[in-house]
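A.B. asks: Structure below; questions to follow.
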Amino acid sequence: RVLLGAAAGAALALSGCLRLAAGTARALGEVEVLAVSAGAAGGGFVLAGTQTGATALLLFALGAVAGALGLVVVVRRLDRPRRWTNLAVVLLIAALAGVAALAGTYVRTRRDAVAVVTTWLLGDLGGATAASATALAGAAALLLIAATRATEPAAARRRETLSLLALGLGVGAVGPLAFVGTLAPRAVRRLACGATERALLPLCAAAGA
């Protein structure tokens with residue numbers, strides 16, 4: 001679990017660093033990802049309730065879509081240059097954390113496919129194995145090497161592709177937690193003032209891990 005979490009964190013931070021360098025990361029864009037994961041988990045468990053089997057999966061899917069869309073709309077309405085935006089975002093994140101805690105408690109009482117889907121949405125590492133963790137770590141290392149060799153201006157398209165691959169790798173392994181990968185690059189950029197783009201990439205990956 002430690003290795004899988006570190007590899008996923010490195011991949012997500014690498015993707016965030018590349019997005020930040022390209023100027024494609026919006027201030028509240030990453031909070032939308034948190035809203036999708038927590039909203040889908042919360043909406044799914046509310047609608048699925050005590051149902052089991054295919055009925056539970058269908059209801060969970062409908063609830064997940066509704067919950068995710070609802071919270072994404074809230075985040076986008078908050079994405080305005082107003083004084084109360086920061087306070088509203090803090091309250092929203094607190095609410096999302098509460099939803100995640102409730103969904104996690106609900107999942108522990110289930111043993112069907114709904115539990116597996118919900119734990120993935122919440123970023124659970126319970127399904128980690130030595131093989132999956134090693135494979136993820138190797139793939140993240142390869143992406144990092146490729147990214148450090150594509151820092152020249154002419155390789156913008158290649159960096160975009162690597163960012164999407166790293167994002168997909170991390171999200172596929174541990175759930176829609178891409179917002180985690182944005183925190184590390186922003187902190188590293190503030191601390192490592194004057195560092196080159198090539199130096200920032202491994203620093204961000206290490207911080208994400």
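A.B. asks: Using +1 on the beta carbon of Lys and Arg, -1 on that of Asp and Glu, and nothing else charged, what's the dipole of the chain about the Cα centre, debye to 20?
C.D. replies: Approximately 460 debye in magnitude.
A.B. asks: May I ask you to list the trypsin sites (Lys or Arg not before Pro) in the stretch 56-120 that are in a DSSP loop and have at most 12 other Cβ atoms within 10 Å of their Cβ?
C.D. replies: When the trypsin sites (Lys or Arg not before Pro) of the stretch 56-120 are filtered for loop state and at most 12 Cβ neighbours within 10 Å, Arg82, Arg83, Arg108, Arg111 remain.
A.B. asks: Moving on. At a temperature of 37 °C and a viscosity of 0.692 mPa s, determine how fast the chain diffuses translationally according to Stokes-Einstein, using the Kirkwood radius over alpha-carbon pairs as Rh; express D in µm²/s, rounded to the nearest whole number.
C.D. replies: D, rounded to a whole number, is 183 µm²/s.
A.B. asks: Can you work out the FRET efficiency for the pair Arg189 and Leu62, with r the C-beta to C-beta distance and R0 = 35 Å, to the nearest 0.05?
C.D. replies: After rounding, the FRET efficiency stands at 0.30.
A.B. asks: Calculate, in nm to one decimal, what Val72 and Arg108 gain on full extension: separation in residues at 0.36 nm each, minus their alpha carbon distance.
C.D. replies: 10.3 nm
A.B. asks: In Å², and per residue, what accessible area does the stretch 16-123 have when probed at 1.4 Å with the other protein chains present?
C.D. replies: The answer is 54 Å² per residue.
A.B. asks: What is the magnitude of the charge dipole of the stretch 134-209 about its Cα centre, with +1 placed on the Cβ of each Lys and Arg, -1 on the Cβ of each Asp and Glu, and no other charges, expressed in debye to the nearest 20?
C.D. replies: Computed charge dipole of the stretch 134-209: roughly 140 debye.
A.B. asks: Over the chain, with every protein chain in place, what whole percent of the accessible area is carbon and sulfur at 1.4 Å, could you tell me?
C.D. replies: With neighbouring chains kept in place, the figure for the chain is 68 percent.
A.B. asks: Calculate the length of the line joining the C-alpha centroid of the stretch 109-142 to that of the stretch 51-75, in whole Å.
C.D. replies: With the stretch 109-142 and the stretch 51-75 each reduced to a Cα centre, they are spaced 21 Å.
A.B. asks: OK, next. Among Leu165, Phe45, Leu125, pick out the residue whose Cα is farthest towards the positive end of the charge dipole of the chain, where Lys and Arg carry +1 and Asp and Glu carry -1 on C-beta, about the Cα centre.
C.D. replies: Toward the positive end, the furthest listed residue is Leu165.
A.B. asks: Can you tell me the relative contact order of the chain? Whole percent, Cα pairs under 8 Å, sequence separation 6 or more.
C.D. replies: Relative CO of the chain lands at 42 percent.
A.B. asks: Continuing with the same structure: I'd like the isolated cysteines in the chain, meaning no second cysteine's beta-carbon lies under 4.7 angstrom from theirs.
C.D. replies: Cys193
A.B. asks: Could you tell me which trypsin sites (Lys or Arg not before Pro) in the stretch 135-180 are loop residues by DSSP with no more than 16 other beta carbons within 10 angstrom of their beta carbon?
C.D. replies: Those that pass, being in a loop and sparsely packed, are Arg149.
The values are calculated or read from the model by the stated rules, or taken from the named source; none is laboratory data. Keep in mind it's a predicted model, so treat the numbers as computed, not measured. For neighbour counting, all protein chains shown are included, and Cβ atoms are generated from backbone atoms with ideal geometry for every residue, glycine included. Side chains included, ligands, DNA and RNA excluded: accessible areas come from the protein's heavy atoms. Shrake-Rupley method; radii C 1.70, N 1.55, O 1.52, S 1.80 Å.
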